[in-house]
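Asks: Take a look at this one; I'll ask things after.
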Amino acid sequence: MKKMILFGAAATMMAFSASAQMSLVKDLAKKATSGNPMEMAQVLEQIEPALTNPESANDVLTWYTAGKAAFGLYDELYKVKIMGQSVDDKMMSEALSAAYEYYQKALPLDSIVEMDKNGMPKLNKDGSKKVKTKYSKDIIGALTGHMGDIANAGNIFLQASDWENAANAFGNYADIASSAFAIANGVAAADSTLSQVRFFQAYSQYQIQDFAHAYDNFTKARKLGYTENNIVDFQTSSLANLVQGMLDAKEFDKANNFIDNALAADPMNGTLHDIKGFTIELQKDVDAALPFYRKAVEVDPNYANAYFDVGRCLYLQAQKIIDDNPNATNKELVPKIKPIYDEAIPFLQKAIDLNTNPDDKKAKNVLDDILYKFEVMGVK
């Protein structure tokens, strides 16, 4: 749980005992429903110590009170806004995001054991204690009732390039809009809406280089049917960056398992096959990697980098023959390396033809070197 940053410095009551903290929470619970923006702001500041105290942090009332105040503050500021008065949209959005987080903490804690007239727990038929909820109905009502507001907060953060808060807001909306309680209450969002929201959640995470979560949410968006805004490129770029981090750390097994899982879900993605080849090449050699590069070309005939990787590996195979036979004459080498070069040339030429970056000369450089070797060796 991130600390609220709306209202200045945090409270200084960190030394309170647990009982004092709960006493404070009960007092703040009254102010949380006052409808007074200043009092609700004070609640959010003063309740901070209770959110981290081991005892009060495990009491539903603590989180319910914080969420009640945050939602209340947002609602009061919204009333001011629709009356045409100026408000701080960012502060409103932060209050809304905090309210969601507080209520999400409260929900699993909202279970009260029912007691009989003798003060003993009531039991179910299986001997377990009977429990009831006290705040869940109100919490669920507030969460579902503010779904549109939470999505709008995401848009505000997105437009401000506040990527972290945008990702949180879009994720909050998607989690609520697809939740069991949203479905039960008939307010769950359509897949078309959820797919768009998950895309913008992932896009925001991509901007802050949170590639693991970005890849996960791009994947969710695609499964829900989203096809716009170059989502496939963003998804595979997220995976490539994520895998690169694993490779830099020499975590080859982890990288291979991750790519294999991605390929199982998306077997016709040429970029994934190409990334798999690169991983295998680092771990083993070009001979082991070449089948994966060939597969990348097969499933995506327009992927320039895959053609280059096939041609490059073939070129390196021929170069190894040259290096392993330093005393061989051109006449002895040509029968061994010409068939390999002949196979590499069309792949390199295709890579050049498909490449849209005029500054990228790597395929041309390899092709030029092959043609130079042919000239030196007298190959026509």
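Asks: Taking the residues in the stretch 87-110 that are at pLDDT below 90 and not in a helix (DSSP H, G or I) as candidates, determine which candidate is nearest to residue 47 (Cα to Cα).
Replies: This residue is 88.
Asks: Taking the conditions exactly as written (closer than 29 Å to residue 272 by Cα and in contact with a Phe, Trp or Tyr (Cβ under 9 Å, 6 or more places away or on another chain)), does residue 359 satisfy them or not?
Replies: No, not satisfied.
Asks: Given the condition without any contact (Cβ under 8 Å) to a residue 40 or more places away in the chain, crowded, with 18+ Cβ neighbours inside 10 Å and either in the same structural domain as residue 278 (by TED's automatic domain parsing) or not β-branched (Val, Ile, Thr) (or both), answer yes or no: does some residue in the stretch 346-356 qualify?
Replies: No, that holds for no residue.
Asks: Does residue 199 satisfy being modelled with pLDDT of 90 or more, aromatic (Phe, Trp, Tyr), under 19 Å from residue 147 (Cα atoms) and assigned to a helix (DSSP H, G or I)?
Replies: yes
Asks: Hey, residue 192 hits all of (1) farther than 18 Å from residue 156 by Cβ; (2) among the polar types (S, T, N, Q); (3) in contact with a helix residue (DSSP H, G or I) (Cβ under 6 Å, 6 or more places away or on another chain) but one; which does it fall short on?
Replies: Here residue 192 meets the rest and fails (3).
Asks: Another question, then. Across the stretch 195-204, which residue is surrounded by the most Cβ atoms within 10 Å (Cβ to Cβ) among those that are polar (S, T, N, Q) and touching a helix residue (DSSP H, G or I) at 6+ places or on another chain (Cβ under 7 Å)?
Replies: Filtering the stretch 195-204 for residues that are polar (S, T, N, Q) and touching a helix residue (DSSP H, G or I) at 6+ places or on another chain (Cβ under 7 Å), the one surrounded by the most Cβ atoms within 10 Å (Cβ to Cβ) comes out as 201.
Asks: If you go through the stretch 298-326 one residue at a time, how many are surrounded by fewer than 22 Cβ atoms within 10 Å (Cβ to Cβ), closer than 26 Å to residue 232 by Cα and either in contact with a His (Cβ under 7 Å, 6 or more places away or on another chain) or β-branched (Val, Ile, Thr) (or both)?
Replies: Final tally of qualifying residues: 1.
Asks: Within the stretch 205-239, how many residues turn out to be over 17 Å from residue 193 (Cα atoms), surrounded by 18 or more Cβ atoms within 10 Å (Cβ to Cβ) and of a type in the set (Gly, Ala, Ser)?
Replies: So the answer is 2.
Asks: In the stretch 22-61, how many residues are polar (S, T, N, Q) and either touching a residue at least 40 places away in the same chain (Cβ under 8 Å) or surrounded by fewer than 18 Cβ atoms within 10 Å (Cβ to Cβ) (or both)?
Replies: 6
Asks: Here's a follow-up. Would you check if residue 279 is crowded, with 16+ Cβ neighbours inside 10 Å and among the hydroxyl-bearing types (Ser, Thr, Tyr)?
Replies: Yes; evaluated as a whole, the condition is true for this residue.
Asks: Given the conditions (1) closer than 30 Å to residue 79 by Cβ; (2) out of contact with any Gly (no Cβ under 9 Å at 6 or more places or on another chain); (3) in contact (Cβ under 8 Å) with a residue 12 or more places away in the chain, which single one is not true for residue 145?
Replies: Every condition holds for residue 145 apart from (3).
Asks: Residue 33 passes all but one of (1) under 33 Å from the mean Cα position of the chain (by Cα); (2) part of a loop (DSSP other than H, G, I, E, B); which number fails?
Replies: Exception for residue 33: condition (1).
Asks: Taking the options 326, 291, 335, name whichever one is over 30 Å from the mean Cα position of the chain (by Cα), outside the structural domain of residue 348 (by TED's automatic domain parsing) and free of Cβ contacts under 8 Å to residues at least 40 places away in the same chain.
Replies: When all the criteria are applied, what remains is 291.
Asks: So, restricting to helices (runs of 4 or more DSSP H) that lie completely within the stretch 248-324, which ones have at least 1 residues that are at pLDDT 90 or above and more than 23 Å from residue 215 (Cβ to Cβ)?
Replies: It comes to 286-299, 304-324.
Asks: Among the candidates 321, 337, which residue alone is touching a Lys or Arg at 6+ places or on another chain (Cβ under 6 Å) and of a type in the set (A, V, I, L, M, F, W, C)?
Replies: 321
Asks: Just to be sure, is residue 281 of a type in the set (D, E, K, R) and closer than 15 Å to residue 311 by Cβ?
Replies: For residue 281, the condition - of a type in the set (D, E, K, R) and closer than 15 Å to residue 311 by Cβ - is met.
The values are calculated or read from the model by the stated rules, or taken from the named source; none is laboratory data. Keep in mind that this is a model prediction, so the values were computed, not measured. Neighbour counts run over all protein chains shown; Cβ positions are idealised from the backbone, glycine included.
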